[in-house]
C-alpha cells in the first residue's frame, strides 16, 4: 500500500506541475475516487490501530495488577504490531491530507476555488 500511495501522489504532483493540457474536471473526479479508496483504507487502519492499542494497554494493566510473567511476551508482540501500525497510519493520514491539497489545485486550474498555501 505504501508504494501505491507514494506512486500515486508522485503521479498527481507530476501532472499538476506539467504544462500538458488536461481535462481537469475529469481528473478531479478520478482523483476523488482515489481519495475515497485511500480514506476508506485510512479508516480501517485507524480502527485496527485503536484495537491493538487498547489490547496493549489492557495487557500492560493485567501485567501490573497480576505480575504474571506469561503476559510479557504478549505485550512485546503487541508492541511489535503497534509501532508499524502507527507508522502506516501516519503515512495514510498525511497522504490523504496531501490528496486534498492536490484536489484543490486541480479545481483551481479551471476556476476560482478555495486553497491553502503550502507551508
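Computed from the coordinates by the stated procedures, all read-outs in this text should not be read as laboratory data. Every value quoted in this text rests on a predicted model; they were computed, and no experiment measured them. A quick note on method: Cβ atoms are made from the backbone with ideal geometry, for glycine too, and the neighbour counts reach across all protein chains shown.
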Between helix 2-17 and the chain: long-axis angle, C-alpha atoms, 0 to 90°, nearest 10: 20
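If a/c stays under 1.5 just call it rounded; otherwise compare a/b with b/c (prolate if a/b is bigger, oblate if not). Do that for region 49-109, with a ≥ b ≥ c from the square roots of the Cα gyration tensor eigenvalues. Kindly include the intermediate steps, with their values, before the conclusion.
Working: a/c = 8.23, a/b = 4.39, b/c = 1.87.
Prolate is the answer for region 49-109, as a/c is 1.5 or above and a/b outweighs b/c.
Set the Förster radius R0 to 30 Å, insert the Cβ-Cβ distance between residue 100 and residue 57 as r into 1/(1 + (r/R0)^6), and round the FRET efficiency to 0.05.
Working: r = 32 Å, r/R0 = 1.05.
About 0.40, to the nearest 0.05.
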Pop a pseudo-label 7 angstrom from the Cα along the beta-carbon direction at both residue 39 and residue 82 and give the gap in nm to one decimal. 3.0
Could you tell me which label, among (i) 1.02; (ii) 1.40; (iii) 1.50, carries the value of Cα Rg over 2.2 N^0.38 Å calculated for this structure? (iii)
Computed label-point distance, nm, for sites residue 74 and residue 19 using a 7 Å Cα→Cβ extension: 6.4
